[in-house]
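For reference, the structure discussed in these notes is given below.
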Amino acid sequence: MGRHEPDDINTHALGRLVLWLAISLLLFGTVLAVWQVHMDARAPLQSLPVGPLPPTPRLQDRPRLDLAQVQHDAAARLNGYGWVDKARGTVHIPIGQAMRLVAQEEAK
């Protein structure tokens, strides 16, 4: 009568799995807690205002026209003259002319 069927579950392997999961959760929780303390210390730096927000809704109603305007402004700046810093006497010149001037300086 001492014979019986073996258990369907390996209780030693299950116990090791549960122990491994518990240790992993504790380790993960510790790492998250340390990270949270680090992020809380940085929070005052991240909460500085960046500037006034535009009125709501903050959506582009004409993105193609906005892109065209940005490209037009960039082209005007690249191909025109203007002040960068008037107080210091710094100007920008057309990029073609700037490249010619640099090439002339390199040739000397």
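The values are calculated or read from the model by the stated rules, or taken from the named source; none is laboratory data. Model, not experiment: these values are computed from the prediction. Because the Cβ atoms are built from the backbone with ideal geometry, glycine has one as well, and the counts that use them run over all protein chains shown. We work out accessible area using only protein heavy atoms, side chains counted, and drop any ligands, DNA or RNA first. Shrake-Rupley method; radii C 1.70, N 1.55, O 1.52, S 1.80 Å.
Numbers at a glance
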{"read-out": "Unique match (being hydrophobic (A, V, I, L, M, F, W, C) and open to solvent by 100 Å² or more (accessible area, probe 1.4 Å)) among 101, 65, 78", "value": "65"}
{"read-out": "Check on residue 16, within 33 Å of the chain's Cα centre (by Cα) and either among the charged types (D, E, K, R) or open to solvent by 80 Å² or more (accessible area, probe 1.4 Å) (or both)", "value": "no"}
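Okay, residues lined up against (1) at pLDDT 90 or above; (2) in contact with a helix residue (DSSP H, G or I) (Cβ under 7 Å, 6 or more places away or on another chain); (3) not acidic (Asp, Glu); (4) not in a helix (DSSP H, G or I):
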site: 30; (1), (2), (3), (4): yes, no, yes, no
site: 39; (1), (2), (3), (4): no, no, yes, no
site: 45; (1), (2), (3), (4): no, no, yes, no
site: 60; (1), (2), (3), (4): no, yes, yes, yes
site: 73; (1), (2), (3), (4): yes, no, no, no
site: 100; (1), (2), (3), (4): yes, no, yes, no
